[in-house]
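Remarks on the structure that follows.
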Amino acid sequence: MPPYKSAMPELPEVETLRRELNKLLVGQTIKNVEVLWTKAILPMTAKKFTTELLGQKVESVDRRAKMLIVNFSNGKSLVFHLKMTGQVIFVPKKGGATFGGHPTSDVQTPGKHTRLILEFKNGDHLYFNDMRKFGWSRLVSATELNTLTSHSGPEPLSKDFSADFLFDLFQKYPNRTLKQILLDQTLIAGIGNIYADESCFLSGLMPNRKAGTVNQKQAAELYKQIVAVLKLSISKGGTSSRNYRRSDGSRGSFVPCLMVYGRAGETCKKCRALIQKIKHAGRGTHFCPQCQH
DNA sequence: TGCCCCCTGCAG
DNA sequence: CTGCAGGGGGCA
């Protein structure tokens, strides 16, 4: 078994939750709120948080960068950031098809890491679990939501992101490394450690390569691979290398598709060289010494 | 620009 | 038992 790995939910993981919860929550009305760890909802008090949520009806579920956004019909939004170990788990009312979570799930609802519970009128529950307590959930107005999301760069799967945009970034920050740029949420939204390493591998570029040394063709290839790996991972329900779970408590199935992330010491799936791990940009960084330059 | 901090579980 | 893992915000 691979060694200890800690990976936070990134774009594909949060997008998976968004798609699932959009089907499950829209039209539901909040009947009860339980705040089990008050810091999870800072800066709001548990009392105010609860009062404002009671009776609210879910209109849609959104995602921006790595933030999961539950919109209510009164214009307010409940925003979740899962950070390292956050989970958002949906448990249908008793008698529901998957009551108690996914049959093979190891997730406790509620459990010792449950920080917040929402109960809906029909008896369904939504649990916010977070072992490390880095994650948060904020109830915000439309204006505040705009502020929260305005610091993020373009969505990589939107038309705002393109090969030219990426190349322009590299020209703008020639002394930064590819990984530093890919991880910077103000430049591009939603890419974290896993998909930064994976997209660099897939495009044959070293994560610590200076952006200024990358030519237009290479930038175009990296762009293409970023989009491809994010889409593929979404189609697999994301990467559950450790804490991340889908809304029913089950694991995403992208781990077998990983080429370098979490594979230090294992053989490269392309050339059989040993995958290496270094520390770069403050993160564990995985690469193939033979495939990437 | 880079380091500290928030946290907990697990490796060593 | 110590120390490391790490997103992102804050601060020097």
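None of the figures in this text is laboratory data; all of them are computed from the coordinates on show. Because the structure is a prediction, the values reported are computed rather than measured. Every residue, glycine among them, receives a Cβ derived from its backbone with ideal geometry; neighbour counts consider all protein chains shown.
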Item checked: Top-ranked residue in the range A:110-121 [being more than 12 Å from A:Val91 (Cβ to Cβ) and not hydrophobic (A, V, I, L, M, F, W, C); ranked as surrounded by the fewest Cβ atoms within 10 Å (Cβ to Cβ)] -> A:Lys112
Note to self: Exactly one condition in (1) within 16 Å of DNA strand C (Cβ to nearest atom); (2) farther than 25 Å from A:Ser250 by Cα; (3) in a helix (DSSP H, G or I) is false for A:Lys48; which is it?
What the structure shows: (1)
Item checked: Residues being in a helix (DSSP H, G or I), within 14 Å of DNA strand B (Cβ to nearest atom) and of a type in the set (Asp, Glu) - total across the range A:174-214 -> 0
Check: Among the residues of the range A:81-94, which ones are away from DNA strand B (no atom under 16 Å from the Cβ) and either of a type in the set (Ser, Thr, Tyr) or within 16 Å of the chain's Cα centre (by Cα) (or both)?
Finding: A:Val88, A:Ile89
Checklist line | Leading residue by the ranking (nearest to A:Arg115 (Cα to Cα)) among those in the range A:145-161 that are within 13 Å of DNA strand C (Cβ to nearest atom) and more than 17 Å from the chain's Cα centre (by Cα) | finding: A:Thr147
